[in-house]
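The values are calculated or read from the model by the stated rules, or taken from the named source; none is laboratory data. These numbers were taken from a predicted model, which means no experiment stands behind them. Virtual Cβ from ideal backbone geometry, glycine too; neighbours counted across all protein chains shown. When the accessible area is computed, the model is the full protein with side chains, heavy atoms only, and any ligands, DNA or RNA have been set aside. Shrake-Rupley method; radii C 1.70, N 1.55, O 1.52, S 1.80 Å.
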Amino acid sequence: GESVGLHLPTLSVQEGDNSIINCAYSNSASDYFIWYKQESGKGPQFIIDIRSNMDKRQGQRVTVLLNKTVKHLSLQIAATQPGDSAVYFCAPGGQGGKLIFGQGTELSVKP
Amino acid sequence: GAGVSQSPRYKVAKRGQDVALRCDPISGHVSLFWYQQALGQGPEFLTYFQNEAQLDKSGLPSDRFFAERPEGSVSTLKIQRTQQEDSAVYLCASSLTGDNSPLHFGNGTRLTVT
């Protein structure tokens, strides 16, 4: 079955630094990918998405890179702030819009 | 506008009791999804609906789990004869169209079975 792996379960960065969270996926047929942020006690919150016909997409302070050749995604957060502390999930889309989540990466921002 | 709303926010049930968890999706969203999230893990897919039709229930862990969306809007996830291993956060999400459309999640119902 499909799996999603994240390269690091935890990531600690200094406030103001850039953060990079990586994600590997297994299903080469996936054509839609979403990054979510989940804070304690809340549901996952949409950050940014990318379709397989793109290799880069930018949002506000965030950039997602997609490398379909090696089935790898990354989320870059510029000038990381304490409010960015959360668990981050990448989720490849599946049939009918179903998303497959990995374990997540916990980002801690040190002031 | 209003997001996905789930109730109750917390539910404590004695082992063997039945529970019903409610989800109010974003108005106009065609697809509705249920996920289960254990502590420290990512959400795991349970089932999804397109309007009132349940198109995929492959993630439901046993026949004690049942979901419905009779009018294509509000959905209820029912768990019969709850067991301790059912303790988790149950997340509901809706999306406008389904395929290649972001899911918008509610804040979940935390179920604790004692």
Looking only at residues that are assigned to a loop (DSSP other than H, G, I, E, B) and of a type in the set (D, E, K, R) in the stretch B:79-114, which one is nearest to the other protein chains (Cβ to nearest Cβ)? B:Asp99
Out of (1) in a loop (DSSP other than H, G, I, E, B); (2) more than 14 Å from chain A (Cβ to nearest Cβ); (3) in contact with a strand residue (DSSP E or B) (Cβ under 6 Å, 6 or more places away or on another chain), the one B:Thr76 does not meet is (1)
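Condition check ((1) in contact with a Phe, Trp or Tyr (Cβ under 6 Å, 6 or more places away or on another chain); (2) among the aliphatic types (A, V, I, L, M); (3) assigned to a loop (DSSP other than H, G, I, E, B); (4) open to solvent by 20 Å² or more (accessible area, probe 1.4 Å)) across all residues:
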| site | (1), (2), (3), (4) |
| --- | --- |
| A:Lys37 | yes, no, no, yes |
| A:Asp49 | no, no, no, no |
| A:Thr69 | no, no, yes, yes |
| A:Thr80 | no, no, yes, no |
| A:Cys90 | yes, no, no, no |
| A:Glu106 | no, no, no, yes |
Being open to solvent by 10 Å² or more (accessible area, probe 1.4 Å) and outside any strand (DSSP E or B): is that true of B:Gly42 here? no
Name the single residue, out of those in the stretch B:45-63 being in contact with a Ser or Thr (Cβ under 7 Å, 6 or more places away or on another chain) and open to solvent by less than 70 Å² (accessible area, probe 1.4 Å), that is farthest from the other protein chains (Cβ to nearest Cβ). B:Leu60
Would you pick out the residues in the stretch B:64-73 that are buried (at least 19 other Cβ atoms within 10 Å of the Cβ) and assigned to a loop (DSSP other than H, G, I, E, B)? B:Arg69
Please determine whether any residue of the stretch A:10-28 is open to solvent by 70 Å² or more (accessible area, probe 1.4 Å), within 26 Å of B:Gly106 (Cα to Cα) and in contact (Cβ under 8 Å) with a residue 12 or more places away in the chain. yes
